[in-house]
Amino acid sequence: MATNGAKTPDGQISTELHDAPTSNDKPKTLVVKVQKTKPIPEREKWGGKYDFLLSCIGYAIGLGNVWRFPYLCGKNGGGAFLIPYFLTLIFAGMPIFLLECSLGQYTSVGGLGIWRLAPMFKGVGLAAAVLSFWLNIYYVVIIAWAIYYLYNSFTSELPWQSCGNPWNTERCFSNYSTSNSTNFTSPIVEFWERNMHQLSDGLDQPGQIRAPLAITLAIAWVLVYFCIWKGVSWTGKVVYFSAIYPYVMLITLFFRGVTLPGASEGILFYITPDFSRLSDSEVWLDAATQIFFSYGLGLGSLVALGSYNTFHNNIYRDSIIVCCINSTTSMFAGFVIFSIVGFMAHVTNRPIADVAASGPGLAFLAYPEAVTQLPISPLWSILFFSMLLMLGIDSQFCTVEGFITALVDEFPKLLRGRREIFIAVVCIISYLIGLSNITQGGLYVFKLFDYYSASGMCLLFLVFFETVSISWCYGVNRFFVNIEEMVGHKPCLWWKLCWSFFTPIIVGGVFLFSAIQMKPLTMGTYIFPLWGQGVGWLMALSSMLLIPAYMGYLFLTSKGSLKQVGVNT
């Protein structure tokens, strides 16, 4: 029998049956056609010894350390606030941080793939992906604001320093000796509302897209793209700058701040304990939510960062180091911020409690206003907003990396070889959706995203199921053995107690308190309409419902009885 082989133009060999060109009734000849498949690129690992450590530090230490922790500490009893803060850190924050990093390192896959360990809870991974997608859309808007302020700082006189600008109104005043300023507005408030945002009257009045912010938002997304486009071997080099630079700026601003008049009063306000505040449940709730926000728990990013480690990396040691650095940075940032707040209270003759603000109010109103009172104010403005840019950008690109890694590892044949294109598509889609945050009514949309889409309640709900699934479904003893395989010794028994009992109880309790105390969203005197709150709840439920929905889907599509399905999963 003759055998003929046909080679295709691209080098592939095909397998086909042809009639032999003979008059005899011979068997058909077999032509072998071998399809050449493109191999899946190998999964990367961190290139340097400290890449993972610095990436986790850059991710966990973000804007919340600078603008939220100091405010909460001053508001909730000063030094007394550290008691619920560190208790929550020890019983919940550090255990979850170690759990997520260890899961990533042991499985070497992203936030969706790890749930092969407990398939019934894959909805947790799906919820984390949706949550990080929402967060990526609006968190980068803060970076866009910082770039806008940074650009406007390159001038001999800051544009929010005086009232002689086209956007200022007759109510603008810059004389802090005015005894009654109730009917006046400061230049920085008018710059924030009338220049940068051109703020409309409500959520139902979106207005036009602010072109300058559309440009700065595009710049922010371009920076994010080029921080992660080449994979972790490239990202590991980026974090050496993005994670270290904010510390240089914090130290510089600290030494400038403590030399200002009124700084000591501001620092005393920050650290003086008021133990009577510990009887207020809101203090404990603020401490718990700050831990989950600050450490970036539940988003799948820590899983992704850990998954690029070598199998025998000492994840136990690295996790404890990052947690210690994170909380120490938060406390140090408080000294930096309240030295400036104390100075501003001294200049304006106002109580420190009135000057201190949280969130964007501190970063884009209180601090820039204080900078105008310093010699060479543009220099200090440039230093501060460049620090905010670096604090925000590494948290942002690590969160995007977590989202990308989860999907690329879930669909490696489709996406791993097209990673750069896929990242570009995600960035473009996120940018287009994010334009809703930079219209004239965009600040209201931003508040809606911030309050509902990635709120503390969503994170707490997700983290509760994450902890329970590993400790009770996969098995805490089995997980302990996995960590021992990686680091060479078993962790302290304390972690087992936390994962099995303390952490789920704390997370579940804080979730219930958050749900009970949740109030309709407001911004100043503006109350968001019911339809707006409905949109917010849809964003919140878009992640939360995936957990029970996937459980139901698995039980409905799996064969066997309810008990057999539970055992198989």
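Show the residues, 5+ positions off or on another chain, whose built amide H is closer than 5 Å to the amide H of T439.
Counting only residues 5 or more places away or on other chains, the set is R210.
Rounded to the nearest 20 debye, what is the charge dipole size of the range 443-542 about its Cα centre when +1 sits on each Lys and Arg Cβ and -1 on each Asp and Glu Cβ?
Using Cβ point charges on Lys, Arg, Asp and Glu, the range 443-542 gives about 140 debye.
Please determine, in degrees from 0 to 90 and to the nearest 10, the orientation of helix 315-348 with respect to the longest principal axis defined by the Cα atoms of the chain, where the helix direction is its Cα long axis.
The answer is roughly 30 degrees.
Measuring from the lowest to the highest alpha carbon on each principal axis, how far does the range 154-289 reach, largest first, in angstroms?
Largest to smallest, the principal-axis extents are 58, 48, 38 Å.
What fraction of the Cα pairs in the range 280-422, stated in percent, has a spacing above 26 angstrom?
Taking all Cα-Cα pairs of the range 280-422, the fraction more than 26 Å apart is 45 percent.
Just need the Rg to Rh number for the range 493-558, please, alpha carbons only, Kirkwood Rh.
That ratio is 1.14, to two decimals.
Roughly what angle does helix 476-487 make with the longest principal axis of the chain, taking Cα atoms, 0 to 90 degrees, to the nearest 10?
Helix 476-487 sits roughly 90 degrees off the main axis of the chain.
Name the residues whose placed amide hydrogens come within less than 5 Å of the amide hydrogen of C172, ignoring near sequence neighbours (fewer than 5 apart) on the same chain.
For C172, the qualifying residues are T185.
Show me the ranking of peptides 276-289, 428-441 by mean Cβ neighbours inside 10 Å, starting with the highest.
So the order, starting with the most tightly packed, is 428-441, 276-289.
Run the numbers on the chain and let me know its relative contact order in percent, using alpha-carbon pairs under 8 Å that are six or more apart.
29 percent
Translational diffusion coefficient, Stokes-Einstein: compute it for the range 197-275 using the Kirkwood radius over C-alpha pairs as Rh, at 4 °C and 1.567 mPa s, and state it as an integer in µm² s⁻¹.
Once the numbers are plugged in, D ends up at 74 µm²/s.
Between the helical axis of 419-434 and the dominant principal axis of the chain, each derived from Cα atoms, what acute angle in degrees is found, rounded to the nearest 10?
Helix 419-434 and the main axis of the chain meet at about 40 degrees.
Suppose the chain between S156 and E485 were pulled fully straight at 0.36 nm per residue; how much longer would it get relative to their current alpha carbon spacing?
Full extension of this stretch gives 112.5 nm more.
Applying the Karplus parametrisation 6.51 cos²θ - 1.76 cosθ + 1.60 with θ = phi - 60° to the phi angles of the range 121-131, what ³J(HN,Hα) value in whole Hz is obtained for each residue in order, glycine and proline being reported as x?
9, 4, x, 5, x, 5, 4, 5, 5, 5, 4
On the accessible surface of the range 322-460, probed at 1.4 Å, how many percent belong to carbon and sulfur atoms?
Using a 1.4 Å probe with all protein chains present, the range 322-460 comes out at 70 percent carbon and sulfur.
Taking the inverse of the average 1/r across all pairs of different Cα atoms in the range 219-368, what Kirkwood radius in Å do you get?
With all distinct Cα pairs of the range 219-368 included, I get 18.3 Å.
Considering the options V124, F311, M94, tell which one lies farthest towards the positive end of the dipole of the chain, charges being +1 on Lys and Arg and -1 on Asp and Glu at the Cβ, about the Cα centre.
F311
Give the Rg/Rh ratio for the range 450-504, taking Rg as the radius of gyration of the Cα atoms and Rh as the Kirkwood radius, to two decimals.
1.11
Going from most exposed to least, what order do F411, F511 have by accessible area with a 1.4 Å probe?
F411, F511
From Cα pairs below 8 angstrom and at least 6 apart in sequence, can you work out the relative contact order of the range 124-254, rounded to a whole percent?
Answer for the range 124-254 is 23 percent.
Can you list, bin by bin at 5 Å, the percent of alpha carbon pairs in the range 339-425, starting at 0?
3, 12, 16, 14, 10, 8, 7, 8, 8, 7, 4, 2, 0
Over the Cα atoms, compute the radius of gyration (one decimal) and Dmax (the largest Cα-Cα distance, rounded to a whole number) for the range 85-177, in Å.
Radius of gyration, then largest Cα-Cα span, for the range 85-177: 23.4, 65 Å.
Accessible area of E410, 1.4 Å probe, to the nearest 10 Å²?
Surface open to solvent at E410 totals about 50 Å².
Once you have all Cα-Cα distances for the range 48-110, histogram them in 10 Å bins from zero and send the whole-percent values.
17, 39, 30, 12, 1
Report the rotationally averaged projected area of the chain based on its alpha-carbon convex hull, in square nanometres.
Mean projected area of the Cα convex hull: 34.1 nm².
Taking K and R as +1 and D and E as -1, what net charge do the other residues with C-beta under 15 Å from the C-beta of D450 add up to?
Overall, the nearby charge balance is +3.
Just order 454-460, 152-158 by mean Cβ neighbour count inside 10 Å, highest at the front, would you?
So the order, starting with the most tightly packed, is 454-460, 152-158.
So for the range 420-538, considering every pair of alpha-carbon atoms, how many percent are separated by more than 20 Å?
Across the range 420-538, Cα pairs with separations above 20 Å total 62 percent.
Which ³J(HN,Hα) values, rounded to whole Hz and listed in residue order, are derived for the range 361-378 from phi using the Karplus coefficients 6.51, -1.76 and 1.60 in 6.51 cos²θ - 1.76 cosθ + 1.60 with θ = phi - 60°, glycine and proline given as x?
The phi angles translate into x, 6, 6, 10, 10, 5, 5, x, 5, 5, 4, 5, 8, 9, x, 6, 4, x Hz.
Rounded to two decimal places and with Rh computed the Kirkwood way over Cα pairs, what is Rg over Rh for the range 418-488?
1.23
For the pair E420/T328, report the inter-label distance in nm, with labels modelled 7 Å from Cα in the Cβ direction.
Modelled inter-label distance: 3.9 nm.
Once you've got the Cα coordinates, tell me which of K237/K413; K122/K413; K413/K490; K122/K230; K230/K496; K45/K559 are over 31 Å apart.
K413/K490; K230/K496; K45/K559
Which of I505, Q205, N195 sits farthest toward the positive end of the charge dipole of the chain, with +1 on the Cβ of Lys and Arg and -1 on the Cβ of Asp and Glu?
Going by the Cα projections, it comes out as I505.
What list of ³J(HN,Hα) couplings, whole Hz, do you get for the range 381-387 from phi and the Karplus terms 6.51, -1.76, 1.60, once you set θ to phi - 60° and write x for glycine and proline?
5, 4, 5, 5, 6, 5, 5
Quick one: in the range 359-483, what % of C-alpha pairs are over 19 Å apart?
71 percent
Count the net charge of all other residues whose Cβ sits under 14 Å from the Cβ of T289, scoring Lys and Arg as +1 and Asp and Glu as -1.
Taking every other residue near T289 into account, the sum is -1.
Subtracting the Cα-Cα distance from 0.36 nm times the residue separation, let me have the gained length for Q517 to F173 in nm, one decimal.
The Q517-F173 span can extend by a further 120.0 nm.
Would you mind getting the accessible area per residue of the chain, heavy atoms of the protein chains only, 1.4 Å probe, in Å²?
On a per-residue basis, 43 Å².
Given H placed on each backbone N at 1.01 Å, which residues far from I527 in sequence or on other chains put an amide H within less than 5 Å of it?
Here the answer is none, since no amide H 5 or more places off falls under 5 Å of that of I527.
The values are calculated or read from the model by the stated rules, or taken from the named source; none is laboratory data. As the structure is a prediction and not an experimental result, all values here were calculated from the model. So basically every Cβ, Gly included, is an ideal-geometry build from the backbone, and we count neighbours across all protein chains shown. Note: areas computed on protein heavy atoms with side chains; ligands, DNA, RNA excluded. Shrake-Rupley method; radii C 1.70, N 1.55, O 1.52, S 1.80 Å.
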